[in-house]
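So the structure is just underneath, and the comments pick up after that.
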Amino acid sequence: LVSNTTIVPRPPTRQRKNSSSLHTCSSERVQKFVLTGGPCGGKTTALARIRTFLGERGFRVFFVPEAATFLFGNGTAPQDNKCANDWVDFQRLLMQMQMRFEDCMVERAEKACEGDANMRAIIICDRGTMDGKAYVDAKGWKKVLSVQHLDEVTIRDARYNAVLHMTTAADGAEGFYTSENNPSRMEGVEEARVLDAKIREAWLGHPQQIVFR
């Protein structure tokens, strides 16, 4: 998956805007990838294979969990959002959690590489800052960004070295589409296909967006 793709590290920069850390790929020794896509796209399987693949090649591998899965697995439910404004606020919360999770892992990855000139680390994020755009309308997304004083290009391009999009099974492999392995997955085949396209479009413009089908 990674061996056929060359990711060119950007210069190490650290920016801050309204207390929200906008870490880029951190440094040439630490790279950060997003693994995203529609429902039932094989992210879980891909995560396990990536960990093995990179570990065998001497990389330290760090994972950032999906913020929504964390919330839904600990008492939060989609039906708690009673209106469109609730969903907008929920996406704001998810973005804040996602960014904090990521920044913690960047710091630990840098620490792991300290003192070893040959050590390299890869951070794999289960979804990223732009995924929320697929779940709200244009007006809602603009509000998610404005209340945090963030801009779309920065949170899309400056935080990640690459975006790996795993296409949903609902698009071309419908017979394999299932919700049995994820109790929070509510989308039918057509809904999953539409959502997959929205997520892919949300990341459109990132210089290293790679779509797997």
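Observations on the model:
- All conditions but one from (1) at pLDDT 95 or above; (2) within 17 Å of Thr45 (Cα to Cα); (3) assigned to a loop (DSSP other than H, G, I, E, B) apply to Leu204; the one that does not is (2).
- Residue that is nearest to Pro39 (Cα to Cα), among those in region 117-162 that are of a type in the set (S, T, N, Q) and touching a Ser or Thr at 6+ places or on another chain (Cβ under 9 Å): Asn161
- Residue within region 205-213 that is in contact (Cβ under 8 Å) with a residue 12 or more places away in the chain, more than 16 Å from the chain's Cα centre (by Cα) and crowded, with 21+ Cβ neighbours inside 10 Å present: no
- Segments classed as helices (runs of 4 or more DSSP H), wholly inside region 19-115, with at least 3 members that are open to solvent by 60 Å² or more (accessible area, probe 1.4 Å), of a type outside the set (Phe, Trp, Tyr) and within 19 Å of Asp131 (Cβ to Cβ): 84-113
The values are calculated or read from the model by the stated rules, or taken from the named source; none is laboratory data. A quick note: this is a predicted structure, and the numbers were derived from the prediction, not measured. Cβ sites come from the backbone with ideal geometry, for glycine too, and all protein chains shown count toward neighbours. Only protein heavy atoms, including side chains, enter the accessible area calculation; ligands, DNA and RNA are left aside. Shrake-Rupley method; radii C 1.70, N 1.55, O 1.52, S 1.80 Å.
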